[in-house]
Each structure stands twice: as structure tokens, then as C-alpha cells.
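Comments concern the structure below.
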Amino acid sequence: MDRCRAGCYICERASTVRHDKKFGGWQIRASPVICHKLGPPSRILLSKYMKDFRESVYRTSNFKRFFLMATLPEIGKTPTFNIPIVDLSAFLQGKVESEAVQDLVKQIRLACSTSGFFQIVGHGVSLTMQDSALRASKALFSLPEEEKLKLKERPGVGYETFGAQILEAGRKPDLKEGYFINREIPGLQPPYKPFCRPNIWPQANLLPETEFKLPLLAYHTAMQELAVQLMDLLAKSLNVSDSDMMLNFCREPIAAVRLLHYPPHPDVEDDALVGAGAHTDFGGITILLTDGNSGLQVLDQATNEWIDVPARSDAFVVNMGDLLETWTSGYYKSNIHRVINKSGKERYSVPFFFDGNPDFVVEPLDGSATEIYTVQEHLLKRYEQSF
């Protein structure tokens with residue numbers, strides 16, 4: 001690679017490097033760079049290295065620093081749609097410099113830039129805790145309808161009825177019911193801010209706290225801790241080293257466990273009827289627990305095919321949301337997915353939505369924003385569109 005005359009690959013104070021997204025790759029335009037050591041401009045030509053090396057200079061939301069993101073694809077191969085199963089154990093054990101973690105980062109980078117989905121094992125969340133969340137979900141949805149309706153308040157709080165949401169325009173209301181458990185915030189008093197309302201809990205004589213509230217709060221805590229670890233891992237995959245930015249995004253986040261119940265798909269020919277219509281997730285990242293029944297499908301937009309995501313009891317499914325796609329200027333995909341429960345059984349799943357601090361300003365790290373917005377503003381808009 002050509003260097004500036006001071007010997008640096010790209011001067012960290014350069015302000016004129018530009019990039020374009022071109023059909024799944026990155027084309028770096030030749031750009032004059034003012035070297036912080038020499039002063040006079042020198043031209044760095046990158047386009048001729050695109051087969052072997054792709055770079056993008058990312059800058060933080062406050063426009064003060066740049067971050068270099070480098071991807072080294074296999075020479076002669078075009079990255080294809082990929083939903084890998086990756087093991088987090090070495091990363092969570094702190095072996096960040098190990099070969100296993102370096103390989104993990106590469107796998108996640110490839111997955112996020114193609115399908116936007118990957119599965120994780122070695123995540124440290126026990127099967128006992130996972131099973132307790134699924135048991136609580138089944139217990140809730142087994143309550144009489146009149147009792148479940150007492151837990152209903154507004155979108156994103158408490159119980160949601162069958163058909164409460166339409167995720168895909170032109171389809172019938174989603175064939176699912178749900179229940180939200182948001183982050184518990186001590187001392188909440190009205191007037192409440194959006195996404196900062198008290199949780200609604202069933203009466204203890206219907207669902208004892210030891211069987212419902214307490215295990216779900218413990219599960220929420222475990223998921224939030226895992227989500228922060230995953231955000232750190234995603235930052236490494238992007239070579240983003242600004243710890244303040246990541247801390248600000250993860251601080252006091254909007255974060256929700258959502259219990260979901262999908263009945264078996266009706267045995268009728270009706271293309272407008274789905275468990276959850278084709279959509280992208282609204283926020284940062286989603287960590288999905290399933291009961292082992294199939295139904296989740298991800299769209300391969302290159303072939304326009306729906307790809308089934310294998311249901312594994314030992315793995316969480318992780319996918320990128322709209323905020324991560326915006327943050328990375330589309331390099332990481334918030335991909336379209338849907339649920340059609342053709343397993344013939346009742347299907348229960350427990351997604352955890354980690355959406356970041358409500359006041360965090362979301363804008364592309366490369367400074368290419370045409371508009372900027374806060375996490376809260378974006379989520380309010382998406383909720384209004386689908387509920």
C-alpha cells in the first residue's frame with residue numbers, strides 16, 4: 001500500500017478521505033491527505049488494492065476522531081450470505097489476543113456484512129436460566145384471556161394481544177401474542193418518559209414471583225450483560241476503539257425482554273397470514289432465545305430466497321438492528337426476517353432487544369449523515385408505524 005511521505009498509512013488527522021458503498025464492497029476514492037508531520041498534501045491511491053484490501057475511515061458521532069476499519073476478504077472470493085455459529089467462550093474469558101478471538105472477530109464481521117445474523121454458543125447463560133424464561137413465557141400465555149388483558153397497557157409495556165402489531169404492510173395482523181419486560185428503573189414517577197415506564201406484573205396468586213417475575217428479571221440482567229459484551233465485540237470487528245462512545249451508547253439503555261407465543265400456522269392457503277411479517281428490527285442488536293421449534297426465516301436479498309435459521313437449544317440467534325446499520329453506513333446489515341410457524345406446535349421465543357441510551361445521537365461513523373436522530377426518536381417512529 002502506498003504511504004504518505006511521513007510513512008503513515010492514513011494520517012489520523014486527515015479529513016478528506018471518502019468512501020462509496022459499491023454492491024457489497026467498499027471503493028475508496030483517491031483523496032488528498034494532509035500529513036500531520038509534513039504539512040504539504042500527498043495523494044494516497046487505494047483503488048488498485050481493492051481486490052485484496054478494503055478500508056473505510058470511520059469517525060465518531062462528535063466528528064473529532066477517525067477510526068480505520070480494515071477487512072481482509074479471501075482473495076478471489078466474493079463474500080456470500082452467511083449465518084455462522086460462533087463460540088464466544090475465549091472472548092468472554094478475556095483471551096482477546098488469542099487466535100480463537102481473532103477468528104471470531106472475522107466470522108462476525110463477515111456475518112454482519114452479509115446476512116446481519118449469527119448464532120452464538122459459549123455465551124455463559126445457563127440452560128437453567130434459559131429454561132426458566134421459556135417456562136415463565138408458557139405460564140403467562142396459558143392464563144385465561146381476561147387475566148392477560150388486565151396486563152395490557154400500551155405498545156411496549158405489558159401484554160400485547162394477537163394481531164396487535166402489523167410488521168409488514170399488505171399483510172394481515174401478526175399471528176402472535178406478546179409480553180414486554182423492560183429494564184427495571186427504581187423510583188420511577190410520572191410523568192414517564194418514553195420507554196421508561198414501570199413493568200406490569202401478574203398477580204402473585206396467578207403466577208408466583210419465584211416462577212415469573214424473579215426469573216425474568218434475572219434473565220433480563222443476564223441478557224443486558226451479554227449485550228454489552230457483544231457490543232464490545234462488534235466494536236472490535238469494526239476497529240472502533242472509542243470507549244467513551246460505546247459507554248455512552250450502552251449507558252442506561254432502552255432494553256426489553258419480549259415473550260412471544262406463535263400458535264401453529266393455520267392450514268389455509270393465505271399468503272397474507274404470517275406469525276411476524278417481514279421486517280427489520282428497530283434498534284441496536286437482538287439476542288433471540290427459541291424453544292427449538294423452527295419458524296424464523298431471513299431474506300437473502302441477493303437471491304430473494306428465504307433462508308431458515310436452524311433452531312438450536314444451546315445457541316442464541318443474534319442480529320443487527322436499524323441503528324447498527326445506520327451507524328456503519330449500511331456495512332453491517334439490519335436484514336429483513338419473518339416468522340411462519342409451520343412446526344405444527346406452539347412456538348415460544350424470547351427476544352432481547354438492546355437499543356441503547358435514549359438520548360444517544362445516531363449518525364454514521366464515517367460522517368455521511370443526511371439526518372441525525374436520537375435512539376428514542378427512531379424507536380418512537382418505528383413503534384408508531386407498526387402498532
Subject >> Single residue of F387, F316 found to be among the aromatic types (F, W, Y), under 23 Å from G156 (Cβ atoms) and open to solvent by less than 20 Å² (accessible area, probe 1.4 Å) >> reply: F316
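Of K148, K152, which residue is buried (at least 16 other Cβ atoms within 10 Å of the Cβ) and of a type in the set (D, E, K, R)?
Criteria check complete, one pass: K148.
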**OP:** State the number of residues belonging to region 169-184 that are of a type in the set (S, T, N, Q) and either assigned to a loop (DSSP other than H, G, I, E, B) or touching a His at 6+ places or on another chain (Cβ under 8 Å) (or both).
**Re:** 0
Original post:
Of all residues in region 170-202, how many are open to solvent by 80 Å² or more (accessible area, probe 1.4 Å) and free of Cβ contacts under 8 Å to residues at least 12 places away in the same chain?
Top reply: 4
Original post:
Got a sec? Which strands (runs of 3 or more DSSP E) wholly within region 254-337 have at least 1 residues that are touching a Gly at 6+ places or on another chain (Cβ under 9 Å), of a type in the set (D, E, K, R) and farther than 19 Å from I83 by Cβ?
Top reply: 254-262
**OP:** Could you list all residues from region 220-246 that are more than 18 Å from the chain's Cα centre (by Cα) and either under 18 Å from G284 (Cβ atoms) or open to solvent by less than 20 Å² (accessible area, probe 1.4 Å) (or both)?
**Re:** D242, S243, D244
Original post:
How many residues are without any contact (Cβ under 8 Å) to a residue 60 or more places away in the chain, open to solvent by less than 70 Å² (accessible area, probe 1.4 Å) and either among the hydroxyl-bearing types (S, T, Y) or assigned to a loop (DSSP other than H, G, I, E, B) (or both) when one looks only at region 203-218?
Top reply: 2
**OP:** From the list E225, E209, E177, pick out the single residue that is touching a Ser or Thr at 6+ places or on another chain (Cβ under 8 Å), modelled with pLDDT of 95 or more and among the acidic types (D, E).
**Re:** E177
Subject >> region 146-168 residues that are in a loop (DSSP other than H, G, I, E, B), paired with ones that are of a type in the set (F, W, Y) (beta carbon under 6 Å, 6 or more apart) >> reply: L151/Y159; P155/Y383; P155/F387; G156/F180; Q165/F387
**OP:** Mind listing just one residue for me: the one in region 229-273 that is in contact with a Phe, Trp or Tyr (Cβ under 9 Å, 6 or more places away or on another chain) and hydroxyl-bearing (S, T, Y) and, of those, nearest to T374 (Cα to Cα)?
**Re:** S241
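The values are calculated or read from the model by the stated rules, or taken from the named source; none is laboratory data. Please read all numbers here as calculations on a predicted model, not as lab measurements. Positions of Cβ are generated from backbone atoms using ideal geometry, with glycine treated the same way; all protein chains shown enter the neighbour counts. Accessible surface is based on the protein model in full, side chains and every heavy atom, while ligands, DNA and RNA are left aside. Shrake-Rupley method; radii C 1.70, N 1.55, O 1.52, S 1.80 Å.
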